[in-house]
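Asker: Sending over a structure as structure tokens; questions will come in a sec.
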Amino acid sequence: MNLLKFIDKLPLPRVLQPVRVKDGIKYYEVTMTEFHQSLHSSMPKTRVWGYEHTYPGPVIEVSKGERIRVKWINDLPSKHFLPIDKTVHGAGKDTPEVRTVVHLHGGITPADSDGYPDAWFTNGFKQVGPFFEQEVYEYENLQDATTLWYHDHAIGITRLNIYAGLAGYYLIRSKHEQSLNLPKDKYEIPLLLQDRTFNKDGSLYYPKKEADDPTNIYPSIVAKFMGENILVNGKVWPYLEVEPRKYRFRLINGSNARYYKIRLDSNQPFYQIGTDGGLLEEPVTIKSIILGPAERADVIIDFSSQKHNKIVLINDAKDEFPEDPKINQSNTRFIMQFRVTLPLLSNDTSTIPPKLTDINFYKEQEAIRTRHLELIAQDDQYGRRIRLLDYKTWDDPITEKPALNDIEIWSLSNPTTGGHPIHLHLVKFQILDKQLFDVEHYEKTKQIKYISERMPPAANDHGWKDVINVFHGETARIIAKFAPYTGRFVWHCHILEHEDYEMMRPFDVVIRKEQSRLKKLIYNKTWSHIFKNT
């Protein structure tokens, strides 16, 4: 569909209110439903799925250390309206078509509330997955102020459920962040970037098969999908009227597979103050920002010198190759428009402080071990390309079992053609460096031969992260502390089509024998003290 740009206002999400508060703990109920919503004013309303009858879902806003409980309720139809490949693991013929489980992306969350892919549930909890434990999730929000987002994570159909609309915003606040005098209230706006393709009747289009798929399978999973239209907060190419002053924007890449390389056509800079896991130590002045799927950027844009101007947020990325020198000439080059047309209501007293926070950077020598892990592609049993983590499928024995509180380095090498945004649940990590290797040598020998020096992360990646982009011919090293919870979590590529088709693996955070002995000793001493004093 040939849709006009910048004719619809940017929707601003509402903040969700709790159902009740008991013993100081806020309790929310969030229902997933199917409905029709206007995504562009010249197009019929589109059937979508959403949380609390809106796409994207409302903002859940909490304070650091504030414990909340959320009951995620599936009130969706029993049949999916997007094409399901029954050969994909977890989406077989004996599995309910419509299953959901919610993951708080970037959240440091107990395993039983993390949204494990096999912990799915159907409408009314009538059927549940093998790892389902509880209807109500608990979030302790132990981490610093940051931008998170919640989205579906059901095994085998995550790509379809998120594409249908199951995504929303989650913001953690802190007293320290509030003391920085950053733009706030109506001058702080979340922007969820996604891409969609539409049929002529306005319905969502998602391919049923690759053009060169060699199989007789129908529908058959595609390698990745990128839509023809960019949506922000659920609206195609919207505009936002702003005052000539500073604004804070919480950027989230919620696309299935698309990379964005964003810039302003006014050639003015962004002041990036935060990334996936929270504030940077210092603001970074930058003209363009690369966002892989699921990455976030916390930025300030100063419109004070742009009165009466119209400024377009541009995407220069060439599909999944954000550094491709060819200019993106398609419609996906445009994201949204800012119109500096509102009067300045009051003096802008907000600031961009030179110092934002202090980050405890891990040292390599603190790491207990280094894991060398490879991101690979090969043919599946049907002749289709399949992407795997370290040559293993979802059901292979678990090989990553860090002990509680261990610091580890994960070295991720990518000989495949595209980029892979790798996400670890539970932890936030730091990027140590990247290094180029000889892909041709690897394909012949399966050995990594480095052809460059180690390169430190860019200034705007030098902080807490939960997604690392590993591009073709790169080894990326990250360092993380596996805490504060034990249990089973996952790591995966956040290109949703890759994640759904085996590029996802479980890992267990375990208690070491000496930790277990100490725990038992403390337990026994505690009980002996109780009995002695009873």
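Asker: Return only the number of the condition from (1) open to solvent by 20 Å² or more (accessible area, probe 1.4 Å); (2) at pLDDT 95 or above; (3) farther than 19 Å from Asp201 by Cα that Pro58 does not satisfy.
Answerer: Every condition holds for Pro58 apart from (1).
Asker: Among residues belonging to segment 80-108 that are hydrophobic (A, V, I, L, M, F, W, C) and in a strand (DSSP E or B), point out the one that is surrounded by the fewest Cβ atoms within 10 Å (Cβ to Cβ). If you could, list the steps in order and put the result at the bottom.
Answerer: If we filter segment 80-108 for residues that are hydrophobic (A, V, I, L, M, F, W, C), which is where we start, we get 81-82, 84, 88, 91, 98, 101-102, 104, 108.
This time we only want the ones that are in a strand (DSSP E or B), so: 102, 104.
Details: Val102: 27, Leu104: 23.
Ranking the candidates gives Leu104 first.
Asker: Within segment 240-295, work out how many residues are over 24 Å from Lys186 (Cβ atoms), open to solvent by 10 Å² or more (accessible area, probe 1.4 Å) and among the small types (Gly, Ala, Ser).
Answerer: Final tally of qualifying residues: 1.
Asker: Shifting gears a bit: Among the numbered criteria (1) open to solvent by 10 Å² or more (accessible area, probe 1.4 Å); (2) part of a strand (DSSP E or B), which single criterion is violated by Leu182?
Answerer: (2)
Asker: Is one or more of the residues making up segment 45-64 touching a residue at least 12 places away in the same chain (Cβ under 8 Å), out of contact with any strand residue (DSSP E or B) (no Cβ under 7 Å at 6 or more places or on another chain) and in a loop (DSSP other than H, G, I, E, B)? Quick ask: steps written out before the conclusion?
Answerer: Initially, segment 45-64 is screened for residues touching a residue at least 12 places away in the same chain (Cβ under 8 Å), giving 45-64.
Then keep just the ones that are out of contact with any strand residue (DSSP E or B) (no Cβ under 7 Å at 6 or more places or on another chain); that gives 54.
Among the residues that remain, those that are also in a loop (DSSP other than H, G, I, E, B) are: none.
Looking through segment 45-64, none of the residues is touching a residue at least 12 places away in the same chain (Cβ under 8 Å), out of contact with any strand residue (DSSP E or B) (no Cβ under 7 Å at 6 or more places or on another chain) and in a loop (DSSP other than H, G, I, E, B).
Asker: Given the criteria aliphatic (A, V, I, L, M), at pLDDT 95 or above, open to solvent by 10 Å² or more (accessible area, probe 1.4 Å) and touching an Asp or Glu at 6+ places or on another chain (Cβ under 9 Å), does Ala111 qualify?
Answerer: So Ala111 passes the test.
Asker: Here is a further query. Could you grab me the full set of residues in segment 234-287 that are touching a Leu at 6+ places or on another chain (Cβ under 9 Å), closer than 24 Å to His420 by Cα and in a loop (DSSP other than H, G, I, E, B)?
Answerer: Gly254, Ser255, Asn256, Ala257, Arg258, Tyr259, Asp276, Lys287
Asker: Right, another one. Spot the failing condition for Tyr218; the list is (1) among the hydroxyl-bearing types (Ser, Thr, Tyr); (2) over 26 Å from Val128 (Cα atoms); (3) outside any loop (DSSP other than H, G, I, E, B), and only one is missed.
Answerer: Every condition holds for Tyr218 apart from (3).
Asker: With respect to Ile68, determine if the residue is out of contact with any Asp or Glu (no Cβ under 8 Å at 6 or more places or on another chain), crowded, with 18+ Cβ neighbours inside 10 Å, within 30 Å of His176 (Cα to Cα) and of a type in the set (Val, Ile, Thr).
Answerer: When the stated conditions are applied, Ile68 does not pass them.
Asker: Which of the residues belonging to segment 206-216 are crowded, with 17+ Cβ neighbours inside 10 Å and modelled with pLDDT of 95 or more? Can you show your working first?
Answerer: If we filter segment 206-216 for residues that are crowded, with 17+ Cβ neighbours inside 10 Å, which is where we start, we get 206, 213.
Matches in segment 206-216: Tyr206 only.
Asker: Check off (1) open to solvent by less than 10 Å² (accessible area, probe 1.4 Å); (2) polar (S, T, N, Q); (3) under 26 Å from Val232 (Cα atoms); (4) in a loop (DSSP other than H, G, I, E, B) for Thr147 and give me the number that stays unchecked.
Answerer: Against the list (1) open to solvent by less than 10 Å² (accessible area, probe 1.4 Å); (2) polar (S, T, N, Q); (3) under 26 Å from Val232 (Cα atoms); (4) in a loop (DSSP other than H, G, I, E, B), Thr147 comes up short only on (4).
Asker: If I filter segment 11-18 for residues that are farther than 27 Å from Phe198 by Cβ and surrounded by 18 or more Cβ atoms within 10 Å (Cβ to Cβ), do I get at least one hit?
Answerer: Quick first cut of segment 11-18, residues farther than 27 Å from Phe198 by Cβ only: 15-18.
When the remaining residues are screened for being surrounded by 18 or more Cβ atoms within 10 Å (Cβ to Cβ), the result is 16.
Yes, segment 11-18 contains a residue that is farther than 27 Å from Phe198 by Cβ and surrounded by 18 or more Cβ atoms within 10 Å (Cβ to Cβ).
Asker: Residues to consider are Pro117, Pro77; find the one that is over 23 Å from the mean Cα position of the chain (by Cα) and assigned to a loop (DSSP other than H, G, I, E, B). Before the answer, list the steps.
Answerer: Working: Pro117 fails: over 23 Å from the mean Cα position of the chain (by Cα).
Matching residue, one of Pro117, Pro77: Pro77.
Asker: Considering only segment 131-144, how many residues are in contact with a helix residue (DSSP H, G or I) (Cβ under 8 Å, 6 or more places away or on another chain), open to solvent by 40 Å² or more (accessible area, probe 1.4 Å) and not in a loop (DSSP other than H, G, I, E, B)?
Answerer: 1
The values are calculated or read from the model by the stated rules, or taken from the named source; none is laboratory data. Since this is a predicted model, take the numbers as computed values, not measurements. We place every Cβ from the backbone using ideal geometry, glycine too, and count neighbours over all the protein chains shown. Please note that ligands, DNA and RNA were not included when accessible areas were found on the heavy atoms of the full protein model with its side chains. Shrake-Rupley method; radii C 1.70, N 1.55, O 1.52, S 1.80 Å.
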